[in-house]
2 protein chains.
Amino acid sequence: MSKQTTQEQTELLRARDEFVTQWGAIGSAWGINRTMAQIHALLITTPRPLSTDEIMEDLKISRGNAHGNLRDLVGWGLVRSVVRKGERKEYFEAEKEVWKMFCTIARERKRREIEPAMHVLKDCAERTAGLRSDEAKAFNKQIKALQDFLALADTVLTKIARAEKSTVMPWALKFVK
Amino acid sequence: MSKQTTQEQTELLRARDEFVTQWGAIGSAWGINRTMAQIHALLITTPRPLSTDEIMEDLKISRGNAHGNLRDLVGWGLVRSVVRKGERKEYFEAEKEVWKMFCTIARERKRREIEPAMHVLKDCAERTAGLRSDEAKAFNKQIKALQDFLALADTVLTKIARAEKSTVMPWALKFVK
DNA sequence: ATGTAGTTTCAGGAAATACTGAAAATACAA
DNA sequence: TTGTATTTTCAGTATTTCCTGAAACTACAT
């Protein structure tokens, strides 16, 4: 292996490391735990599936941590486990196509967070629907405004996430201009 | 004050409380601290500006906590402080129009989180642009795909957040059907 | 049955984050 | 000035969240 190649490999490893680290930090700003974001970052930038042990070693994390976060990623639908025939060990690979990733994340966050939020709003709106004081009316109106907005956002997101990339992209590009 | 009125007031307070509590929980799933989300929820559903002391009492939090989170909300542009003439105390009121709220949040998250993310990607792409191994090429390609997607999303969001509600809503409604 | 490779669980500990409360600073009035 | 109301800061503490590591479990091979 030439010196040149070794240097290049090092540079690639460094870049991937930087990406993994930073992606973890970014994830936590969006309420996603650091390790989960890091594992995801690692998997989407590694061409072959990785085993739990490889991930543990690369990120210097414990088995329990790697295991749990991998299961969560599988639960989100962002990662799938693959088994090589003749081997017992489980390997993991991420969906790499960015558009699909986006759709999956949108769908899941919708299910996990937007829908519960809508329930809260619905409940608050119903509980105050009959009240007659000015303050109660204002409250009810404000809650309904939030409800309407969320419902619309939800619908738009759903449509986008269900559509094919090929139908949304041209529209998005047109929109941008 | 009639018994009827008192009951209604209690019901309103309960509903607001429920909203404030749940909104705090929802906020933390999106990486926003619970108290900040609660103060925001309180302010957007209260018709008049509130003082730090009123907020402290309502949410049962310390002065330091209330103060810091109020400053953060002002920093986000979601809340502004108002001074009643002849009074020293500072009062706070939230932007209540949901569309404006959305635009503000979109603008700020873009500035605080999407832009840093784009820098990371740009850096990783540049560092690996010249490498020739297949793995490096694949890495570079994947990073660029993320970059393109984020850039597009960023632009679309910016456009939407800059546009008037009156221009976006009809489009959104049309899109939904 | 027994051994082995691999996975899962979870009690306890560590780290990150958020909060309190009191003291210091500030701003204004008399 | 001096006093008073209000805001700001921040060291220490509490809480939440996350992680470790080892033991229990599972599945399969011999």
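Among the residues in the range A:87-107, are any within 16 Å of DNA strand D (Cβ to nearest atom) and of a type in the set (A, V, I, L, M, F, W, C)?
For the range A:87-107, residues within 16 Å of DNA strand D (Cβ to nearest atom) and of a type in the set (A, V, I, L, M, F, W, C): absent.
Filter the range B:50-74 down to residues that are closer than 21 Å to B:Q22 by Cα, outside any helix (DSSP H, G or I) and away from DNA strand C (no atom under 12 Å from the Cβ), then give me how many there are.
Total satisfying the criteria: 1.
Restricting attention to the range A:135-154, does a residue exist that is acidic (D, E), out of contact with any strand residue (DSSP E or B) (no Cβ under 6 Å at 6 or more places or on another chain) and more than 30 Å from B:L146 (Cα to Cα)?
yes
Which of the numbered conditions does A:P47 fail, given that it passes all the others? Conditions: (1) within 12 Å of DNA strand C (Cβ to nearest atom); (2) within 13 Å of chain B (Cβ to nearest Cβ); (3) surrounded by fewer than 16 Cβ atoms within 10 Å (Cβ to Cβ).
Answer for A:P47: the failing condition is (1).
Count, please, the residues in the range A:3-42 that happen to be within 16 Å of DNA strand C (Cβ to nearest atom), touching a residue at least 24 places away in the same chain (Cβ under 8 Å) and within 11 Å of chain B (Cβ to nearest Cβ).
Final tally of qualifying residues: 2.
Among helices (runs of 4 or more DSSP H) lying entirely in the range B:82-177, which contain 1 or more residues that are more than 24 Å from B:I44 (Cα to Cα) and without any contact (Cβ under 8 Å) to a residue 12 or more places away in the chain?
Here the list reads B:115-128, B:134-162, B:165-176.
Whether any residue in the range B:151-159 is of a type in the set (G, A, S) and in contact with a Cys (Cβ under 8 Å, 6 or more places away or on another chain) is what I want to check.
No; the residues of the range B:151-159 include none that is of a type in the set (G, A, S) and in contact with a Cys (Cβ under 8 Å, 6 or more places away or on another chain).
No value in this document is a laboratory result; all are computed from the given coordinates. Just so you know, these numbers come straight off a predicted model, no measurement behind them. Because the Cβ atoms are built from the backbone with ideal geometry, glycine has one as well, and the counts that use them run over all protein chains shown.
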